[in-house]
Amino acid sequence: QVQLVESGGGLVQAGGSLRLSCAASGRTFSRYIMGWFRQAPGKEREFVAGITRSGGSRQYADSVKGRFTISRDNAENTAYLQMYSLKPEDTAVYYCAADSLHLATTTKTTDYDYWGQGTQVTVSS
């Protein structure tokens, strides 16, 4: 099993940038695909970005493609979400997730076995 802790959320103006971090416990971080999801009030949790074990493949939701970049540093047991050109509609609680039973990235919340506690991102107009 693995424990995940997100950090880096905050309040930014539209057009600004923010980098989220997801720190994982243990020595087997490289065995997990990683994903970022977000959930706005009254909305379902939605897929944002995913990355494979070695970082060779990445997947993004259409709403963030070209603005967000997912990455990972397996030596540091950390995944990142770099966000540029933020919009008010990006406001949500952002969660990182991990799974060891998939090789390809997946957008389904039910495919991930481990979740962090979330970090709030608020983008003002």
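The values are calculated or read from the model by the stated rules, or taken from the named source; none is laboratory data. Here the structure is a predicted model, which means the values were calculated and not measured. Reconstructed Cβ throughout: ideal geometry from the backbone, glycine too, with neighbour counts over all protein chains shown. The area values use the complete protein model at the heavy-atom level, side chains included, leaving out ligands, DNA and RNA. Shrake-Rupley method; radii C 1.70, N 1.55, O 1.52, S 1.80 Å.
Taken over segment 11-50, residues that are open to solvent by less than 50 Å² (accessible area, probe 1.4 Å), touching a Gly at 6+ places or on another chain (Cβ under 8 Å) and touching a residue at least 40 places away in the same chain (Cβ under 8 Å) amount to 11.
Scanning segment 26-40 for residues that are in a loop (DSSP other than H, G, I, E, B) and within 16 Å of the chain's Cα centre (by Cα) yields Tyr32, Ala40. When Gly8 is tested against (1) touching a Gly at 6+ places or on another chain (Cβ under 9 Å); (2) at pLDDT 95 or above, just one condition goes unmet, and that condition is (1). A Cβ distance below 8 Å, combined with a sequence gap of six or more or placement on separate chains, defines the contacts here; from segment 96-114, residues that are touching a residue at least 60 places away in the same chain (Cβ under 8 Å) and aliphatic (A, V, I, L, M) reach residues that are in a loop (DSSP other than H, G, I, E, B) and open to solvent by less than 40 Å² (accessible area, probe 1.4 Å) in the pairs Ala97/Tyr112; Ala97/Gly116; Ala98/Val2; Ala98/Tyr32; Ala98/Tyr112; Leu103/Thr52; Ala104/Thr52.
Residues that are in a loop (DSSP other than H, G, I, E, B) and hydroxyl-bearing (Ser, Thr, Tyr) were ranked within segment 89-125; the one that is farthest from Asn74 (Cα to Cα) is Ser125. Just one of the listed residues (Gly56, Gly66, Gly26) is on the phi > 0 side of the Ramachandran plot and at pLDDT 95 or above, namely Gly66. Filtering segment 76-90 for residues that are modelled with pLDDT of 95 or more, closer than 28 Å to Gln1 by Cβ and surrounded by fewer than 14 Cβ atoms within 10 Å (Cβ to Cβ) leaves a non-empty set.
Quickly run through segment 2-13 and pick out the residues that are part of a loop (DSSP other than H, G, I, E, B) and touching a strand residue (DSSP E or B) at 6+ places or on another chain (Cβ under 6 Å). Once the filter is applied, which keeps residues that are part of a loop (DSSP other than H, G, I, E, B) and touching a strand residue (DSSP E or B) at 6+ places or on another chain (Cβ under 6 Å), segment 2-13 yields Val2, Gly8, Gly9. Contact map, segment 64-85: residues that are farther than 14 Å from Ala49 by Cα paired with residues that are open to solvent by less than 40 Å² (accessible area, probe 1.4 Å) and of a type in the set (S, T, N, Q), Cβ distance under 6 Å, separation 6+ or inter-chain. Pairs shown: Thr78/Ser21.
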